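The values are calculated or read from the model by the stated rules, or taken from the named source; none is laboratory data. Here the structure is a predicted model, which is why all the values come from computation and not from measurement. Cβ atoms come from the backbone with ideal geometry, glycine included; neighbour counts cover every protein chain shown. Side chains are part of the model used for accessible areas, which takes the heavy atoms of the whole protein and leaves out ligands, DNA and RNA. Shrake-Rupley method; radii C 1.70, N 1.55, O 1.52, S 1.80 Å.
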Amino acid sequence: MYDVLIIGGGPGGYACALRAAQLGLSVALVEKRGGAQASLGGTCLHVGCIPSKALLDSSERFWAARHDAAAHGIVVEPRLDLAAMMRRKQEVVETLARGLDGLMRKHRIAVLAGRGEVLAAGRVRVTASDGRASEHAARHIVLATGSEPISLPVLPCDGERIVTSDQAIAFREVPPRLLVIGGGAIGLELGSVWARLGSAVTVLEATEEVCPFLDADVAAALRQALTRQGLQIHCRVRVSGGERRGEAVLVRGEGPEGPRQWEAERVLVAVGRRPHLDGIGPVALTERGRVRVDEQLRTSVPGIWAIGDVVEGPMLAHKAEEEGIAVAERIAGRRPLVDHDLIPSVVYTEPEAASVGRGEARCRAEGRAVRVGRFPFAANGRARAAGQSEGFVKVIAEAESDRLLGVAIVGPRAADLIGIAAAHLAYGGSSEDIARTCLPHPTASEALREAALAALGRALHA
Ligand code: FAD
Ligand code: NAD
């Protein structure tokens, strides 16, 4: 009888396991990836955050060597070795996976290789890759089964020409033309990777603007920056079908100007992910088909909890981790809560785009009187020195109380800067609090402080 048995070894599941073990609970973690030897890390480590960021970092260096080096007085003639770039990515993944195995051993967490299936509250069957099944009892079960890519019925994936991110992080050659359906995080990140490596990339987005989860001004600035880099981005496009044309795929759709067709050697379908519900047992679902949980992450069945991509909220690794820790602490009798408004979002393009809290449009839709401070990176010394002066920081505060409501950034080091903003937001800080934080010079972080000063009507450098 374990205290906690977790199904799914992604960032939600393994973080839950580690925290539960730290709190003195006996823990089992079930993972089906990897066959007889469970491979932990989930989507994030194997086909998500880490491999995509390895490719973003590598391709950014290639792009910079080609396009930026000369301006810095460096003369190079870079040549792409895609196989080596992919090998490096895989080594990063494998090193981190080995690290997770070590952590499990250190915390005496029982890792059970196979497919987990909830039979009833307290009972789980694990079926190994060789078909052998075993049954396990636990006081608490945590569902952390994650998500999988959504495919389009009008354009089914074939895994070769029409693919999901699982294949687009592992192309063996640079496609001459890449058509990306969906201008969200995956579409823009992987679109950027292949554009930097030489593909002609076209992105088709169904809504008004790319990345609907970002502040609208930041999303528009990001689209404009990527367009300047050569990506063709079309919004308000509805894809209606397509077919194979020799080595290419012909895709049909309807844009603002009427019917259109696009042809490309590879098509990446990146229109979102859906929860992975295999083995979850008799728990209730929400209208959107995710596992229904209350604010403590309890499902409809007592003793069964659920976390991460399989429940509502942003599908992000740090959100899954936060919920995993919260559930472990709840089981151990503590009372943590996860506030989705404090979870930052980042798109790791160049420039990066990031936001935390509420966007300006949402504040206005909620009828809040706000003060908005903006500061351009063009007036930031470090951004100028680095030759990365595109973009701005936007600080949104409640007009009367000055309480911080949100921060949105597009520009250099946005992913790091948003962490500072998230900390101020978490402590219930104000734009005055950011304005009074002494930040190092010369860094991009000074733009955050200046935007807070702008919200107070006293920016120094603009
Ligand atoms: P997962 O990571 O999906 O893990 C679930 C695990 O459960 C899997 O290992 C699966 O094999 C296992 N499993 C499922 N069912 C069973 C079963 N019945 N029995 C046993 N095991 C089972 N997020 C970010 O925050 N930052 C990023 O930069 C980022 N980049 C991404 C890039 C890409 C290309 C993709 C696809 C995703 C990215 N994400 C990113 C999202 C992130 O990967 C997910 O939000 C995160 O992995 C969710 O964690 P999880 O633990 O809920 O589920
Ligand atoms: P997403 O929700 O970020 O974006 C999907 C996009 O596709 C949206 O802009 C949506 O409007 C559009 N879309 C939907 N249907 C469409 C259609 N038929 N035609 C054209 N466009 C359509 O989803 P994603 O990019 O697939 O990523 C999946 C999940 O992984 C997301 O929840 C995301 O948070 C996560 N992820 C995060 C990061 C990151 O944090 N940097 C990176 C990659 C993925």
Q: Tell me, yes or no, whether the range 323-330 has at least one residue that is within 12 Å of ligand 1 (Cβ to nearest atom), within 20 Å of the chain's Cα centre (by Cα), at pLDDT 95 or above and under 20 Å from VAL124 (Cα atoms).
A: yes
Q) Here are ALA133, ALA97: which of them is touching a Ser or Thr at 6+ places or on another chain (Cβ under 7 Å) and surrounded by fewer than 14 Cβ atoms within 10 Å (Cβ to Cβ)? A) ALA133
Q) Restricting the search to the range 210-224, which residues are part of a helix (DSSP H, G or I), away from ligand 1 (no atom under 16 Å from the Cβ) and not β-branched (Val, Ile, Thr)? A) ALA216, ASP217, ALA219, ALA220, ALA221, ARG223, GLN224
Q: Just give me the residues in the range 275-298 being open to solvent by less than 20 Å² (accessible area, probe 1.4 Å), of a type in the set (A, V, I, L, M, F, W, C) and either free of Cβ contacts under 8 Å to residues at least 60 places away in the same chain or not in a loop (DSSP other than H, G, I, E, B) (or both), in sequence order.
A: VAL291, LEU297
**Q.** Set GLU189, GLU205: member being within 10 Å of ligand 2 (Cβ to nearest atom) and more than 14 Å from the chain's Cα centre (by Cα)
**A.** GLU205
Q. For the range 4-81, which helices (runs of 4 or more DSSP H) that fit wholly inside it have 3 or more residues that are out of contact with any Lys or Arg (no Cβ under 8 Å at 6 or more places or on another chain) and among the small types (Gly, Ala, Ser)?
A. 11-22, 49-67
Q.
So, in the range 305-342, how many residues would count as being touching a His at 6+ places or on another chain (Cβ under 8 Å), within 16 Å of ligand 2 (Cβ to nearest atom) and open to solvent by 20 Å² or more (accessible area, probe 1.4 Å)?
A. 3
Q.
If the requirement is being among the basic types (Lys, Arg) and either away from ligand 1 (no atom under 16 Å from the Cβ) or under 30 Å from GLU390 (Cα atoms) (or both), which of these qualifies: ARG274, ARG244?
A. ARG244
Q: Tell me, please, whether a residue that is crowded, with 17+ Cβ neighbours inside 10 Å, part of a helix (DSSP H, G or I) and without any contact (Cβ under 8 Å) to a residue 40 or more places away in the chain can be found in the range 414-424.
A: yes
Q: From (1) over 30 Å from PRO176 (Cα atoms); (2) more than 18 Å from the chain's Cα centre (by Cα), pick out the condition that doesn't hold for PRO259.
A: (1)
**Q.** The lone exception for SER401 - which of (1) part of a strand (DSSP E or B); (2) more than 25 Å from the chain's Cα centre (by Cα) it fails
**A.** (1)
